[in-house]
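The values are calculated or read from the model by the stated rules, or taken from the named source; none is laboratory data. Note that the structure is predicted; figures quoted are calculated from it, not measured. Using ideal geometry, Cβ is built from the backbone for each residue, glycine included, and neighbour counts are taken over all protein chains shown. Areas reflect the complete protein model, heavy atoms only, side chains present, ligands, DNA and RNA absent. Shrake-Rupley method; radii C 1.70, N 1.55, O 1.52, S 1.80 Å.
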Amino acid sequence: MRSGEELDGFEGEASSTSMISGASSPYQPTTEPVSQRRGLAGLRCDPDYLRGAFGRLKVAQVILALIAFICIETIMKCSPCEGLYFFEFVSCSAFVVTGVLLIMFGLNLHMRIPQINWNLTDLVNTGLSTFFFFIASIVLAALNHRTGAEISAVIFGFLATAAYGVNTFLAVQKWRVSVHQQSTNDYIRARTESRDVDSRPEIQRLDT
């Protein structure tokens, strides 16, 4: 019958052997956080964006474009109809594109596609929507027949123009700040690299 010390020795050897085999085993337990996994399960709302100026403007743009589109769709008769069709196209396009951007920014989906410059995409969308909403509203105001639906569409068209215009102004300011910061960082990086070269004479000898 083995003594207790021998049994303790065998247990120690077994535990150390299991630890070594576990460390060398290719089948390691998964330690990836659930929040970092790909797929729809990792979606989360960004309340900071929705509470900010850009998020509120996006929500206002989607609502105004939708109301303008609904108002223009309730018109049953038109003559001429070119202005109505143009306003319908502008309001529908702005609603769809802005709604997609709101979802992308609100759910942080744009972080998963870093190949696209989303700030520039948003700037182009707001700029074009401001221009076309303004033109469409002026054309509809000049060619309407003073019906309630047409007047409402014109009013919401100009309100959407204002919302997109403010967003364009803020986006341009943000773009200028980012460009200035990028140029400043590049200048600081270049100065740091030049100082490193000056402080290392062996690099200068190799260059000569």
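Residues in region 82-97: is at least one closer than 18 Å to A171 by Cβ and open to solvent by 30 Å² or more (accessible area, probe 1.4 Å)? Yes; the residues of region 82-97 include at least one that is closer than 18 Å to A171 by Cβ and open to solvent by 30 Å² or more (accessible area, probe 1.4 Å).
Only residues that are farther than 22 Å from G99 by Cβ, modelled with pLDDT of 75 or more and open to solvent by less than 90 Å² (accessible area, probe 1.4 Å) were counted in region 165-183, giving 5. Residue by residue through region 47-77, note down the ones that are in a loop (DSSP other than H, G, I, E, B) and closer than 16 Å to S137 by Cβ. The one that is in a loop (DSSP other than H, G, I, E, B) and closer than 16 Å to S137 by Cβ: I75.
With A162, A149 as the choices, which residue is of a type outside the set (D, E, K, R), more than 23 Å from the chain's Cα centre (by Cα) and surrounded by fewer than 19 Cβ atoms within 10 Å (Cβ to Cβ)? First the steps, then the outcome.
Values: A162 fails: more than 23 Å from the chain's Cα centre (by Cα).
Selected residue: A149, the only one of A162, A149 that is of a type outside the set (D, E, K, R), more than 23 Å from the chain's Cα centre (by Cα) and surrounded by fewer than 19 Cβ atoms within 10 Å (Cβ to Cβ).
Look at I116 and say whether it is in contact with a Ser or Thr (Cβ under 9 Å, 6 or more places away or on another chain) and modelled with pLDDT under 90. So I116 does not fit the description; no.
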